[in-house]
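Peer 1: One structure coming up, written as structure tokens, with questions to follow.
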Number of protein chains: 2
Amino acid sequence: MEANATIIKEGAPLDCVHVMHMGWACRYNIMKDGKRQISAFLLPGDVCESTPMHGTLIDYSVCTLTPSLVKPISIEGPLGFAQPFDQMQSILSGSLLEQRLLRAWLANVGRRNAYNRVAWLICELHVRLSILGLADETGFDCPLTQEVIADAVGLTSVHVNRVMKQFRNENLFSFRSGRVAFVGVEKIRKLCGFDPAYLHLDLAQHIKTTPTRRPQLSDCP
Amino acid sequence: MEANATIIKEGAPLDCVHVMHMGWACRYNIMKDGKRQISAFLLPGDVCESTPMHGTLIDYSVCTLTPSLVKPISIEGPLGFAQPFDQMQSILSGSLLEQRLLRAWLANVGRRNAYNRVAWLICELHVRLSILGLADETGFDCPLTQEVIADAVGLTSVHVNRVMKQFRNENLFSFRSGRVAFVGVEKIRKLCGFDPAYLHLDLAQHIKTTPTRRPQLSDCP
DNA sequence: CGAGAAATTGAGCCATCTCAAAGGAGGTGG
DNA sequence: CCACCTCCTTTGAGATGGCTCAATTTCTCG
């Protein structure tokens, strides 16, 4: 799929599950006044549907942020029918993980200032990408626009820009031309109160459908 | 239970489910700097555990806000074992609803100003309480402190107070001595962009464990 | 009636927003 | 390979919404 392609439209009934194989996407809502709130970033291995229950009306939209490989998986009939228990379990784990992320995001937006908010998001992305083998201590490739980041953390793109500049000046990390380059991750985590364990990301394994070695973003043409 | 009693402590493993029968509670997280973010209000009929999966580590705390009647229900063994499918289904529906609420809250905190944010929360509470028969067009009893509201919507209690004053002056509703008294609900919904359908609250029925007629808050001593 | 909690109010500050313009960077047609 | 276009980033200036701090008043309840 192209960058900026719609995968899921708010209000549609769920009849099929989309798994990200390559590329980035985001889950979001558009408010009456046109503002957008992003509620999740979807990375390789993630499922676009936050709770893949057949027939439910979806309360968010999903679109790609980069060229992506998205695999749709059809669901036959209502869940809990013809579906092994294990699968149900793993859907539940996935749903649990989504909730944890959402609560963490809510706290991030509700109770941190712009500076820590952005730093925290960077830390989260770093952890998640590390698990996928898409990040290391030096940093990671990040296709996010400052405006996208702004919509995720409840700020203005202008202000995100200023905060980024501050990070650069303070020699914490730089975010330029699609790459987040760390100077020291620990320092960043400390200042924004990021706890890498908060997600219990071991759980994430349950919902991954692809093998341990994930496709690299760099594999992409 | 007393008001202000802890029902669930963050970090504990889930081994039992708590159903609210009477009174209000809230789910929250305390941040490293001591700030609190409330992520949900729990009303009669609600389950304190947002995803009752046995053994999972809970990433939030829950405490009562009023004197409450809370019924613990033990879970025998891991979920999906000795549990009928229907139950699993309803846990999943519950989890889905929690997610919808969380996304709505995130958008509320991330993308609305103080005024609309508080108005929106009031609207949500009104809808949920209406379903329980605890609210009507004239308003509802609301035991929330301005500080609690502030912690839910990412503001300061001082500022919540000023916003409340504005609502009063503009003749939209008043919030005094534990009662939200509407002048006109529709006007409020319109101004803050509240859509009563967003939660698909019909779904809520799935996770309720108590009969249609709920205990009234006013039944409480 | 007294004590503690919650609500209210004022004054001043500053974080973040808005508006606007200017500078890259990559992509495409000629 | 250049000119141009578009999208993104960067920067400035000024406005303001929401915060902090602190004092006062009102409620609630024993």
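The values are calculated or read from the model by the stated rules, or taken from the named source; none is laboratory data. The structure displayed is predicted, hence computed values, not measured ones. Every residue, glycine among them, receives a Cβ derived from its backbone with ideal geometry; neighbour counts consider all protein chains shown. For accessibility, only protein heavy atoms count, side chains too; no ligands or nucleic acids. Shrake-Rupley method; radii C 1.70, N 1.55, O 1.52, S 1.80 Å.
Peer 1: Kindly indicate the residue of the range A:136-165 that is within 13 Å of DNA strand C (Cβ to nearest atom) and among the small types (Gly, Ala, Ser) and also surrounded by the most Cβ atoms within 10 Å (Cβ to Cβ) among those meeting that condition.
Peer 2: Top of the filtered list is A:Ala152.
Peer 1: Also, quick follow-up: Name every residue in the range A:121-159 that is in contact with a Ser or Thr (Cβ under 7 Å, 6 or more places away or on another chain) and more than 22 Å from A:Asn171 (Cα to Cα), in order of residue number.
Peer 2: Within the range A:121-159, just A:Glu147 meets the criteria.
Peer 1: What is the number of the single condition among (1) farther than 27 Å from A:Trp120 by Cβ; (2) at pLDDT 95 or above that B:Ile38 does not meet?
Peer 2: Against the list (1) farther than 27 Å from A:Trp120 by Cβ; (2) at pLDDT 95 or above, B:Ile38 comes up short only on (1).
Peer 1: Which residue is nearest to the chain's Cα centre (by Cα), if the candidates are limited to the range A:149-182 and must be closer than 30 Å to A:Met31 by Cβ and assigned to a strand (DSSP E or B)?
Peer 2: Among residues in the range A:149-182 that are closer than 30 Å to A:Met31 by Cβ and assigned to a strand (DSSP E or B), the one nearest to the chain's Cα centre (by Cα) is A:Val180.
Peer 1: Going through the range B:1-44 one residue at a time, which ones are farther than 16 Å from A:Asn108 by Cα and hydroxyl-bearing (Ser, Thr, Tyr)?
Peer 2: Result: B:Thr6, single match.
Peer 1: Consider only pairs whose beta carbons are under 7 Å apart and that are at least six residues apart or on different chains; among these, list those whose first residue lies in the range A:1-19 and is assigned by TED's automatic domain parsing to the domain that holds A:Pro44 and of a type in the set (S, T, N, Q) and whose second residue is modelled with pLDDT of 95 or more and not in a loop (DSSP other than H, G, I, E, B).
Peer 2: Correct list of pairs: A:Asn4/A:Cys63; A:Asn4/A:Thr64; A:Thr6/A:Ser61; A:Thr6/A:Cys63.
Peer 1: Of all strands (runs of 3 or more DSSP E) completely enclosed by the range B:35-142, which ones contain at least 2 residues that are touching a residue at least 60 places away in the same chain (Cβ under 8 Å)?
Peer 2: Strands (runs of 3 or more DSSP E) meeting the threshold: B:36-42, B:69-74.
Peer 1: Further question: Please go through the range A:2-30 and pick out each residue that is within 14 Å of chain B (Cβ to nearest Cβ), open to solvent by 30 Å² or more (accessible area, probe 1.4 Å) and not charged (D, E, K, R).
Peer 2: Selection gives A:Gly11, A:Ala12, A:Pro13, A:Tyr28, A:Ile30.
Peer 1: For residues in the range B:85-97 being within 16 Å of B:Tyr198 (Cα to Cα) and among the aliphatic types (A, V, I, L, M), which is farthest from the other protein chains (Cβ to nearest Cβ)?
Peer 2: Out of the qualifying residues, it is B:Leu97.
Peer 1: How many residues, within the range B:103-125, are β-branched (Val, Ile, Thr) and away from chain A (no Cβ under 14 Å)?
Peer 2: Of the residues in the range B:103-125, 1 are β-branched (Val, Ile, Thr) and away from chain A (no Cβ under 14 Å).
Peer 1: Kindly indicate which of A:Arg168, A:Arg128, A:Arg100 is more than 8 Å from every other protein chain (Cβ to nearest Cβ), basic (Lys, Arg) and crowded, with 20+ Cβ neighbours inside 10 Å.
Peer 2: Selected residue: A:Arg128, the only one of A:Arg168, A:Arg128, A:Arg100 that is more than 8 Å from every other protein chain (Cβ to nearest Cβ), basic (Lys, Arg) and crowded, with 20+ Cβ neighbours inside 10 Å.
Peer 1: Checking A:Ala152 against (1) under 23 Å from A:Asn4 (Cα atoms); (2) more than 9 Å from chain B (Cβ to nearest Cβ); (3) in contact (Cβ under 8 Å) with a residue 60 or more places away in the chain, which test does it fail?
Peer 2: The number of the failed condition is (2).
Peer 1: Tell me whether the range B:116-128 contains one or more residues that are modelled with pLDDT under 95 and of a type in the set (S, T, N, Q).
Peer 2: No, that holds for no residue.
Peer 1: Assess whether B:Glu137 counts as being at pLDDT below 95 and over 26 Å from B:Thr51 (Cβ atoms).
Peer 2: Yes; evaluated as a whole, the condition is true for this residue.
Peer 1: Oh, and also: Is it true that some residue in the range A:121-130 is within 12 Å of DNA strand D (Cβ to nearest atom) and not basic (Lys, Arg)?
Peer 2: No, there is no match, as no residue in the range A:121-130 is within 12 Å of DNA strand D (Cβ to nearest atom) and not basic (Lys, Arg).
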